[in-house]
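J.: Provided herewith is a single structure, encoded as structure tokens, for subsequent inquiry.
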Amino acid sequence: MGAPSPASRPPLARRSEFSYAAVVYQPHFSQKLTEMFRAKPYQGALPESAEFIFVGLDANYAADIESSPVFPRVLEYHDDGVAFWRRHKVHHPFLLADYRGDGQRYHRNFALTGFEPKDACRVSFVELLQIPTVGRSQLVLEDLDPAHLERLNALIQRGARRNVFLADKVVRLMRVSGHFHWLPKPIANQVLPRLHQVGETTIYQHLHFSNYGAFQARMTLEASAIARMRAD
């Protein structure tokens, strides 16, 4: 996807950080983490070479991530996610034994898709917001970088052999952005519905990997469907 253009404005300049209703997102305090995201606005494999792309809203980290014993592994992961997966046998540092914090449910559920270290070069994670965040996020269109969105649209429109996965909220925000005119409304209550096809690129809607409880059965079905794609 290439390096994003610098943000043209302070994201929170117009909002109070003390009002959850007003805050849209809080950029993470870690300069090191933010610099790595700006250099590589994706995680895992280079999106242009990946066969499976999972698009999210934002990458959220604990406020004190720099004091965590896994922070060096987090930096290692963002430097080269493919090598990290092959070296540590897990796709993300949140799955390492010494990590204590939020975010594990998402990555444990993703692991149910069956991707293995040998598949590392096939999988990429791309966020609509290309900088790390902390705390709760409620993104709106004005928070996103149009150039970053257009790179994502161009990647999909290229029509290469790949599968792209979007959660419901991702679909909604992409639609209002104006960069993805081909994207239909989200489809409710179906297992991994197909939203669009362009060339050999297929776009699916999936349940966000952080879901649980009543959604677990559907998530298991979707993970199995993705696992079959992986084996094709």
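The values are calculated or read from the model by the stated rules, or taken from the named source; none is laboratory data. What you are looking at is a predicted structure, and each value in this text was computed from that prediction instead of being measured. Here Cβ is always computed from backbone atoms with ideal geometry, including for glycine, and neighbour counts include all displayed protein chains.
J.: Among the numbered criteria (1) of a type outside the set (K, R); (2) modelled with pLDDT of 95 or more; (3) surrounded by fewer than 20 Cβ atoms within 10 Å (Cβ to Cβ), which single criterion is violated by F180?
T.: Unmet for F180, out of (1) of a type outside the set (K, R); (2) modelled with pLDDT of 95 or more; (3) surrounded by fewer than 20 Cβ atoms within 10 Å (Cβ to Cβ): (3).
J.: So, one more: Take the residues of region 169-193 that are assigned to a helix (DSSP H, G or I) and of a type in the set (V, I, T): which is farthest from D58 (Cα to Cα)?
T.: Per the stated criteria, the residue is V176.
J.: Kindly indicate which of F125, F54, F94 is more than 23 Å from L152 (Cα to Cα) and crowded, with 19+ Cβ neighbours inside 10 Å.
T.: F94
J.: Report whether or not I156 is in contact with a strand residue (DSSP E or B) (Cβ under 8 Å, 6 or more places away or on another chain), without any contact (Cβ under 8 Å) to a residue 40 or more places away in the chain and hydrophobic (A, V, I, L, M, F, W, C). Give the steps one after another, and end with the answer.
T.: Working: in contact with a strand residue (DSSP E or B) (Cβ under 8 Å, 6 or more places away or on another chain): yes; without any contact (Cβ under 8 Å) to a residue 40 or more places away in the chain: no; hydrophobic (A, V, I, L, M, F, W, C): yes.
Spelling it out, it is not the case that I156 is in contact with a strand residue (DSSP E or B) (Cβ under 8 Å, 6 or more places away or on another chain), without any contact (Cβ under 8 Å) to a residue 40 or more places away in the chain and hydrophobic (A, V, I, L, M, F, W, C).
J.: From the list L173, L183, pick out the single residue that is without any contact (Cβ under 8 Å) to a residue 24 or more places away in the chain and among the hydrophobic types (A, V, I, L, M, F, W, C).
T.: L183
J.: Shifting gears a bit: Residues of region 59-88 being closer than 22 Å to R151 by Cβ and at pLDDT 95 or above, which ones?
T.: Once the filter is applied, which keeps residues that are closer than 22 Å to R151 by Cβ and at pLDDT 95 or above, region 59-88 yields Y77, H78, D79, D80, G81, V82.
J.: Could you grab me the full set of residues in region 135-152 that are buried (at least 18 other Cβ atoms within 10 Å of the Cβ) and either outside any loop (DSSP other than H, G, I, E, B) or free of Cβ contacts under 8 Å to residues at least 40 places away in the same chain (or both)?
T.: Pass one, region 135-152, residues buried (at least 18 other Cβ atoms within 10 Å of the Cβ): 139, 143-145, 148-149, 151-152.
If the condition is that a residue be buried (at least 18 other Cβ atoms within 10 Å of the Cβ) and either outside any loop (DSSP other than H, G, I, E, B) or free of Cβ contacts under 8 Å to residues at least 40 places away in the same chain (or both), then D143, L144, H148, L149, R151, L152 are the ones that fit.
J.: For residues that are under 30 Å from E142 (Cα atoms) and either of a type in the set (G, A, S) or surrounded by 16 or more Cβ atoms within 10 Å (Cβ to Cβ) (or both), tally how many sit in region 183-221.
T.: Of the residues in that region, 17 qualify.
Per-residue answers, yes or no, for (1) crowded, with 20+ Cβ neighbours inside 10 Å; (2) over 15 Å from the mean Cα position of the chain (by Cα); (3) assigned to a strand (DSSP E or B):
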| residue | (1), (2), (3) |
| --- | --- |
| F29 | no, yes, no |
| L33 | yes, yes, no |
| R38 | no, no, no |
| P41 | yes, no, no |
| E76 | no, yes, no |
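J.: With the checklist (1) more than 20 Å from V170 (Cα to Cα); (2) within 18 Å of the chain's Cα centre (by Cα); (3) not in a loop (DSSP other than H, G, I, E, B) in hand, flag the one item I53 doesn't pass.
T.: The single condition I53 does not satisfy is (1).
J.: Starting from region 56-80, keep only residues that are within 19 Å of D98 (Cα to Cα), then list their pairs with residues that are outside any strand (DSSP E or B) and acidic (D, E) whose Cβ atoms are within a distance under 8 Å, requiring at least 6 positions of separation or different chains.
T.: As it stands, the answer is N60/D102; A62/D102; P69/D98; V70/D98, since those pairs meet every condition given.
J.: Which one is surrounded by the fewest Cβ atoms within 10 Å (Cβ to Cβ) among residues in region 97-122 that are in a loop (DSSP other than H, G, I, E, B) and among the aliphatic types (A, V, I, L, M)?
T.: Kept after step one, since they are in a loop (DSSP other than H, G, I, E, B), are these residues of region 97-122: 97-103, 112-116.
Then keep just the ones that are among the aliphatic types (A, V, I, L, M); that gives 97, 112.
Details: A97: 7, L112: 15.
Among them, the one singled out is A97.
J.: Is it fair to say L221 is within 22 Å of N60 (Cα to Cα) and hydrophobic (A, V, I, L, M, F, W, C)? Steps first, answer last, please.
T.: Details: within 22 Å of N60 (Cα to Cα): no; hydrophobic (A, V, I, L, M, F, W, C): yes.
So L221 does not fit the description; no.
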